[in-house]
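A quick write-up on the structure given underneath.
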Amino acid sequence: MTASALPLIAIDGPSGVGKSTTARRAAARLGWQYLDTGAMYRAATLALQRAGLSLEDRPALERLLAGLDLAQEGTRIFLAGEDVSEAIRSQEVTRGVTPVSADARVREVLVEQQRRVGASGRWVVDGRDIGTVVFPHACCKIFLTASPEARARRRFLELEAKGQAPLFEDVLADQRRRDEADSTRAVAPLRKAADAVELDSSAMTLDQVVDWIVARHLAHP
Ligand code: DC
């Protein structure tokens, strides 16, 4: 770690690659805290939907963002004190979050909150732009990938475990749409930071990925 590097592990990558679980476990192993920035974009989307606002209602959107009260305690996400951890995983929020997270003003507000939280270091933070935009001085940047098929397979099994009966082709097509939107948007698109290490987890178990990240961090603190 150079003198100016922040002791923080940034984990970026496409959806369905297992970033949240990996980040949470890596944080637990190091005795650090974990921040799920995707959950913040989801909670902001839920707030917009509940207020019946569209991204075009700029003055109302500004007011909502100015009063946006988000908090994370462990794995739970709170919006104005209410636990919305389940609500932010609904289909409606999952569909709505792509345009909301592409809005420059929304990103400005959430990035500011993320920087405030992580500024003291000893955090593992996962998202799409953590190593490139939010914490460019993080000591450890991981770009976590897996093949589209491997990611869709994991998502498919997750949905099945929840009692749903999805079609694999639908899961894969939905994921491709999100990959495309995340990596081609104008503001903070998903991309690997120049100083990030890329880890292809297609053939790895979750435990192996966590071991790899912790070992890499301990070797290059
Ligand atoms: O990781 P997730 O599926 O919970 O993320 C939800 C959405 O938020 C997804 O469309 C990508 C977006 N996102 C983002 O743009 N920047 C981040 N740092 C984290 C998530």
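Under a GNM of the chain (C-alpha, springs under 10 Å), which listed residue has the highest mean-square fluctuation: 202, 54, 20?
It is 54.
Among 102, 165, 152, which one shows the biggest mean-square fluctuation in a GNM of the chain, springs joining Cα atoms closer than 10 Å?
Ranking 102, 165, 152 by mean-square fluctuation puts 165 first.
Rounded, prolate or oblate: which fits segment 86-152, taking a ≥ b ≥ c as square roots of the Cα gyration tensor eigenvalues, rounded meaning a/c under 1.5, else prolate when a/b beats b/c? Before the final figure, lay out each step's value.
Numbers: a/c = 1.97, a/b = 1.22, b/c = 1.61.
The shape class here is oblate.
What percent do you get for the relative contact order of segment 99-179 when only Cα pairs under 8 Å and 6+ apart count?
Value for segment 99-179: 18 percent.
GNM on the chain, C-alpha springs below 10 Å: top fluctuator among 184, 22, 37?
Maximum among the listed residues: 184.
Taking a ≥ b ≥ c as the square roots of the eigenvalues of the Cα gyration tensor of segment 117-200, is the shape rounded (a/c under 1.5), prolate (a/b larger than b/c) or oblate?
prolate
Which of the lysines could a cross-linker bridge to residue 141, judged by Cα under 18 Å and excluding same-chain residues fewer than eight apart?
19, 192
For the chain, what does the helix formula give at 222 nm: sum of -39500 (n - 2.57) over DSSP H segments with n ≥ 4, over the residue count, nearest 500 deg cm²/dmol?
One gets -15500 deg cm²/dmol as the mean residue ellipticity at 222 nm.
Could you compute how fast segment 80-120 diffuses translationally, taking Rh as the Kirkwood radius over C-alpha pairs and applying Stokes-Einstein at 20 °C with viscosity 1.002 mPa s? Give it in µm² per second.
180 µm²/s
Quick one: go through segment 176-199 and flag any residue whose amide nitrogen is under 15 Å from the point 7 Å out along the Cα-to-Cβ line of residue 95.
Correct set: 178.
Give me 137, 217 ranked fewest to most by other Cβ atoms within 10 Å of their Cβ, as a rough exposure proxy.
With the sparsest Cβ surroundings first, the list reads 137, 217.
For a paramagnetic label modelled at 7 Å from the Cα of residue 28 toward its Cβ, which residues of segment 170-212 fall within the zone defined by backbone nitrogen distances under 14 Å?
Only 206-208, 210-211 fall inside the zone, counting backbone N under 14 Å.
So what's the gap between the Cα centers of segment 1-57 and segment 162-204, to the nearest angstrom?
If you average the Cα positions of each part, the centres end up 15 Å apart.
Running Debye on segment 169-221 with equal point scatterers at the Cα sites and no solvent, what base-10 log of I(q)/I(0) appears at q = 0.18, 0.22, 0.26, 0.30 Å⁻¹?
The computed values of log10 I(q)/I(0) come out as -0.85, -0.98, -1.01, -1.06.
When the expected Rg is taken as 2.2 N^0.38 Å, what fraction or multiple of it is the alpha-carbon Rg of segment 49-103?
1.18
Which distance in nm do the two modelled labels at residue 86 and residue 62 give, with both placed 7 Å along the Cα-to-Cβ direction?
3.8 nm
Contact order normalised by length for the chain, with contacts defined as Cα pairs under 8 Å and 6 or more residues apart; what percent is it?
Once normalised by length, the contact order is 35 percent.
Based on a Kirkwood Rh over C-alpha pairs, give the Stokes-Einstein translational diffusion coefficient of the chain at 4 °C and viscosity 1.567 mPa s in µm²/s.
Once the numbers are plugged in, D ends up at 72 µm²/s.
Please give me the summed charge of the neighbours of residue 123: other residues whose Cβ is under 12 Å from its Cβ, Lys and Arg +1, Asp and Glu -1. Numbers along the way, then the final one.
Working: positive: 24, 115, 116, 122; negative: 36, 126.
Local net charge: +2.
Read the figures in this text as sums done on the coordinates, not as results from a lab. Note that the coordinates shown come from a computational prediction; the quantities given were computed from them, not determined experimentally. Positions of Cβ are backbone-derived with ideal geometry, glycine not excepted, and every protein chain shown enters the neighbour counts.
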